[in-house]
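For reference, the structure discussed in these notes is given below.
The values are calculated or read from the model by the stated rules, or taken from the named source; none is laboratory data. The shown structure was predicted, so the numbers you read here are calculated from the model rather than taken from an experiment. Glycine also receives a Cβ, built like all others from the backbone with ideal geometry; neighbour counts cover every protein chain displayed. Keep in mind that these areas ignore ligands, DNA and RNA; they rest on the heavy atoms of the full protein, side chains included. Shrake-Rupley method; radii C 1.70, N 1.55, O 1.52, S 1.80 Å.
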Amino acid sequence: MKYFLISLTILTLFFNACARNDSKFIKATQLVKENKLEQALRLYNQILKKDPAYTSALINRALVYEKLGEDDMAAKDYNSALKLAPKQVDLLNNVAVFYIEQKRPQLASYYLTKALEIQPEYTIAYVNRAKASQMLNKNQEAMQDLENALGLEPQNLEIILNKAILDYKMTNFKAALDGYSEVLASRKKDYKTYYKRGLTFLMLNKYQNAFDDFNAALGINNAYIPAIFERAKLLFDQGDYEAALADLDTLKTIDNKYAPSYEFTGDIYAIEDPVKAVSNYIVAKELDPANSKRYDAKIKLMASEKGRQAVINKRLERI
């Protein structure tokens, strides 16, 4: 998963090839834009066979290899490019993003720090280093980098969103709420951010606000499973079991292999219909064998009223 890297941080380095008057390079970059990766790769191979030191072609070929899942080849091209252009900050950033995606955040942080030493006002490097720091559980350092990025681009909604996500992770819920609200003021169709703000409202015990945000998310995308599931939990918490079951039934029509929906349905039926509860736990167990012990325990609890009440109480514990 690329997290915030997709829209903000991956710089496709289609360098200006006109200075080298290389028509093949221009054609190859166009093929990449058209997602004709194999054809582009052939052209980059031809270019680099003739001129192995063509840095721009090396970088672009590395990006193509990444898209094709050829990570070893991508790493090889990035290393070759770094030898030719060790102070190219965009290259350093791209290499760092590559290592973030390879789950090697310490190495990514190293290259991003080098980029920032060369260009201290390189906003994207701060954002990416924040991601690497989070992967290393260095949330305070990540926050500092995001604040540095915001100092450079205070209106950048992607950075504001990333900071809100980190604020939520660090339990700074009021700050997260402010960040999500600022994003939504400009992105009124951003259903994922409505969902995230809804979760934040929950943490602040503002249940009606959370309910409204989940509804807003579903008004934009009525098939967004996380919002359906959270709304079902809120409805259950409010004692509206039929509405909660209706949401879970809707969720199952969207994704009939989503195990949590069957477990939750079982928990609701545990109140009055242990047979239906058991049947749902069995489906959940089949879909999620890694948690078989939990489902087996719930199935056993359905044999007594005390056991069923224990399941219900556990479900209500988040209030």
Within the set of pairs 6+ apart or on separate chains, which have a first residue in the range 201-217 that is more than 13 Å from K233 (Cα to Cα), a second that is in a loop (DSSP other than H, G, I, E, B) and modelled with pLDDT of 95 or more, and C-beta atoms under 6 Å apart?
A217/Y224
Enumeration of residues in the range 140-150 that are open to solvent by 60 Å² or more (accessible area, probe 1.4 Å) and either touching an Asp or Glu at 6+ places or on another chain (Cβ under 8 Å) or within 18 Å of A115 (Cα to Cα) (or both)
E141, Q144, E147
When R294 is run through (1) open to solvent by 60 Å² or more (accessible area, probe 1.4 Å); (2) of a type outside the set (G, A, S); (3) at pLDDT below 95; (4) part of a helix (DSSP H, G or I), the failure sits at (3)
From the list I254, I220, pick out the single residue that is within 28 Å of F173 (Cα to Cα) and open to solvent by 40 Å² or more (accessible area, probe 1.4 Å).
I220
For Y110, work out the one condition from (1) free of Cβ contacts under 8 Å to residues at least 24 places away in the same chain; (2) crowded, with 16+ Cβ neighbours inside 10 Å; (3) over 30 Å from I59 (Cβ atoms) it doesn't fulfil.
(3)
Find all pairs meeting these conditions: Cβ atoms under 7 angstrom apart; at least six residues apart or on different chains; first residue within the range 85-103 and of a type in the set (A, V, I, L, M, F, W, C); second residue not in a helix (DSSP H, G or I).
V89/Q119; V89/Y122; L91/L13; L91/A85; V97/T9; V97/I10
Kindly indicate which of N94, N137, N128 is within 20 Å of the chain's Cα centre (by Cα), at pLDDT 95 or above, crowded, with 19+ Cβ neighbours inside 10 Å and not hydrophobic (A, V, I, L, M, F, W, C).
N128
Among (1) open to solvent by 40 Å² or more (accessible area, probe 1.4 Å); (2) modelled with pLDDT under 95; (3) closer than 18 Å to E317 by Cβ, which single condition is D237 missing?
(1)
Within the range 115-125, how many residues are of a type in the set (A, V, I, L, M) and either open to solvent by 30 Å² or more (accessible area, probe 1.4 Å) or under 11 Å from L166 (Cα atoms) (or both)?
2
Selection status of S279, open to solvent by 30 Å² or more (accessible area, probe 1.4 Å), of a type in the set (S, T, Y) and farther than 25 Å from I228 by Cβ:
no
Would you point out the residue of the range 297-308, among those that are closer than 17 Å to F264 by Cβ, not basic (K, R) and not in a loop (DSSP other than H, G, I, E, B), that is most open to solvent (accessible area, probe 1.4 Å)?
L301
Sole residue being outside any helix (DSSP H, G or I) and either among the hydrophobic types (A, V, I, L, M, F, W, C) or open to solvent by 70 Å² or more (accessible area, probe 1.4 Å) (or both), chosen from K49, K83, K87
K87
